[in-house]
Structures are given as C-alpha cells and as structure tokens.
Amino acid sequence: MKILYNSYHIIDLKKEMTERKEIKGDMPKVIEMMIEEIASNPSSKRYAPTSDRTVVASTVTDIVSEYENRILDIEKFYSYTDEVVEKLLLEELKVQKRVGHLKGVQKGCLVQALIEIGDKNYRYFIAKIEHANFVDGIELILKEGFNPNENKIWKTCIFNFEIDDEICISEASVYVNNKANYWAENFLELRELKSDEKNTKDAWNGIQNELSRSIKKSSPNDYFILRNAVISYFRRSKIINYEDMIQDIFCEYTPVNATQERIEVLYKKLLDLPKVKNFDTNFISKPREVKAKLKSVHKVNKDIDIIIREGISENIEKYKEVIHSEVSADGMRQLIIKITEDEAFRMFEI
C-alpha cells in the first residue's frame, strides 16, 4: 500500500470554516499508521454512489482519473480535497442547526488520502477523527502505534475503483461509530447495498444456525446460554460491530459441558460468517428482525414446568446468577432461581 497524496483539514463549526493544515514533521508517518488501521478494520457497511454526479463521488473519481492520466499534481489534489471538506462542513452545519442545544456533531478533523494498492488498483480514504488526540499525541502514536481507542476515529469511508474503459467507483466501505446518518446519506450521498434490517436478519440467522449445528445436541446448556446472550445483544438497539459482538460473547466464555476446543472452533466459524453469508459487519441492530421465541417452556418434573423468556441477560455470568442447577449434599438435583417478586417468594415459604 502506497500513499500517493494526502491532506489534513480542521473543521471549525463555530466559525463555520475549514482550514487545510500543512502535513510536515512526523505527521506523514502518523497518517500512514492511521490509514493502515482503517484498512484493517473488519467493521464496515457496503454502499454505492446514488449518482456519479454527486460531489464526493465525482470528486474522488476525478482525482483517480487525473492521477491515472498523469495530470494530477499536489495543488490540484488539494483543491479537490477542499471541495470534499466544504461539503462535509455544509452537512455538519445543517445537523448542528437541527439538533440545536443537544450534543450535536462530533468535532474533529478530516484526513483524505489517495492510495495505490497495486497496478491500476486505487483506493480513496476519507476519515473523520478526533482532532485533539490526533495532533497532541503524535509522539506517543509514533512510539506505540495508532490506537483507535485513544486517537478516536469517528467515521470513515474507503472508495474502491474499477478501471476499464473508464474509471468508476465499484463500492464504498463505510464505518460509523454512532447513528449519524448524515455521513453516508448527506455528505457522501451513498445508498446502502444491504439494509440494517437485512443485515440483522442474516447475521442472526447465520449465528443461530451455526450454534444449532455445533453445540445444540451435544451441549444444550451451553447452546441455551450463548443463544440467549446473542438475542440480548441484538435486541439492544445500537450499532453492531460484528467482530466485537462475537468477541464479547464467545471469547471469554467458560463452557458448562462443551469442550473449550469446540467453543474455539465455533468462535472461528462465527467470525467467518459475514463472508460466508454475505452480510455487513457494521450496522444498526433492528431487534424486530431477530425472529426467536419470546419464551421457552421446560419441564422440571411431572407437576412443574418453568417458563424462561429469551434474552434473559446480555451478561452470561449474570445469567448464571439468575438460574442454575446444582446437586445437594444428599444427591438431590435442584434448580436455584433468584426471586425478586415478593408474592412468588412468600408462596413457597414452607
């Protein structure tokens, strides 16, 4: 990966202006590290331009075309990047005006870069990052590497190009850290290739099927616990970073009956699901698409059944605190259930 050109702009919403800063000193190395981090980010959603005449799509296509035809120089590149950042400023001012006194737009700066991956293989990077941590921490970044948790990356877009008789955008990979629709819809003017509803449905179905194949018969208790944890994760309406979700649920999980090796194999299969089932890895969860029974009935003995609602807790350890089985000293198998309802507790006081 070779950085051909790059730029760095500060966006000042209070003054309603942008300012391009000279990239000098250690800044080129920091930008290179940031781009490598963005390129390796497994969390993204796929988009395509709504038209080849939109501001950002047409601008970055012109950049690639002029470079390919050997007529792009640094000043032309800078003028193009100015157009892109002015478009972003316009859209962020609209958002800021609409939300008024609320928290509003995440303040930061815009980094742009034209990248050459191989012969006639170009990508264009656009990233909005937290300005203060990016600039003030340059020395630390160089020592320890670009850390997206410390040097916050708010939003990104990677344009991929097809070069045949003409140059056009084949696809755009977008990452956002919140539900800011303006980034993809208004600023980049892109249309999603897969809706959040479709991504939620495909991801859930893929995970559930893999759980069923891998551990349902051999380890029904592990299946029950893990399935409930996945349901809970999806039913919280938020941005889903698929890899983070799988790590949160499966990475530190201590199996009840399944072997650790089986859980590790399952974990690796789940990480491969987005490619296998063709869904995005960054999307807003739509809980209605998680088609799972709201409750399950379990026969305890000939006189008693218990009903358990799905998605009992997003925390597996807390789930075990709510209900678990154990064998008493005299060999009696029993369920231990945490009771929070006074009436139920008093009913069984004997």
>> For the range 36-62: of the residues being surrounded by 15 or more Cβ atoms within 10 Å (Cβ to Cβ), under 17 Å from the mean Cα position of the chain (by Cα) and not charged (D, E, K, R), which is nearest to ASN186 (Cα to Cα)?
In response: TYR47
> Quick one: LEU93 ticks every box in (1) closer than 30 Å to CYS168 by Cα; (2) under 26 Å from the mean Cα position of the chain (by Cα); (3) outside any helix (DSSP H, G or I) bar one, so which box is it?
Replying inline: (3)
>> If I filter the range 143-161 for residues that are open to solvent by 30 Å² or more (accessible area, probe 1.4 Å), free of Cβ contacts under 8 Å to residues at least 60 places away in the same chain, in contact with a strand residue (DSSP E or B) (Cβ under 6 Å, 6 or more places away or on another chain) and not aromatic (Phe, Trp, Tyr), do I get at least one hit?
In response: yes
> Among the listed residues PRO255, PRO274, which satisfies the condition of being modelled with pLDDT of 95 or more and either of a type outside the set (A, V, I, L, M, F, W, C) or farther than 13 Å from THR200 by Cβ (or both)?
Replying inline: PRO274
>> Here is a list: PHE134, PHE146, PHE125. Which entry is under 24 Å from the mean Cα position of the chain (by Cα), in a helix (DSSP H, G or I) and not acidic (Asp, Glu)?
In response: PHE134
> Which pairs have Cβ atoms under 9 Å, sit 6 or more apart or on different chains, and link a residue in the range 189-217 that is free of Cβ contacts under 8 Å to residues at least 60 places away in the same chain and within 20 Å of GLU171 (Cα to Cα) to one that is open to solvent by less than 80 Å² (accessible area, probe 1.4 Å) and not in a helix (DSSP H, G or I)?
Replying inline: SER195/PHE283; SER195/LYS286
>> One residue is enough: does the range 179-192 have a residue meeting the conditions within 27 Å of ASN149 (Cβ to Cβ), under 15 Å from the mean Cα position of the chain (by Cα) and among the polar types (S, T, N, Q)?
In response: yes
>> Going residue by residue through the range 100-108, is there one that turns out to be touching a Lys or Arg at 6+ places or on another chain (Cβ under 6 Å) and in contact (Cβ under 8 Å) with a residue 60 or more places away in the chain?
In response: yes
> If HIS131 passes every condition in (1) at pLDDT below 95; (2) crowded, with 16+ Cβ neighbours inside 10 Å; (3) touching a helix residue (DSSP H, G or I) at 6+ places or on another chain (Cβ under 9 Å) but one, which one does it miss?
Replying inline: (3)
>> With the requirement that a residue be under 17 Å from ILE11 (Cβ atoms) and open to solvent by less than 30 Å² (accessible area, probe 1.4 Å), what does the range 63-86 give you?
In response: THR81, VAL84, VAL85
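The values are calculated or read from the model by the stated rules, or taken from the named source; none is laboratory data. Values in this document were obtained by computation on a predicted structure and should not be read as measured data. Glycine gets a Cβ as well: all are built from the backbone with ideal geometry, and neighbour counts include every protein chain shown. Areas reflect the complete protein model, heavy atoms only, side chains present, ligands, DNA and RNA absent. Shrake-Rupley method; radii C 1.70, N 1.55, O 1.52, S 1.80 Å.
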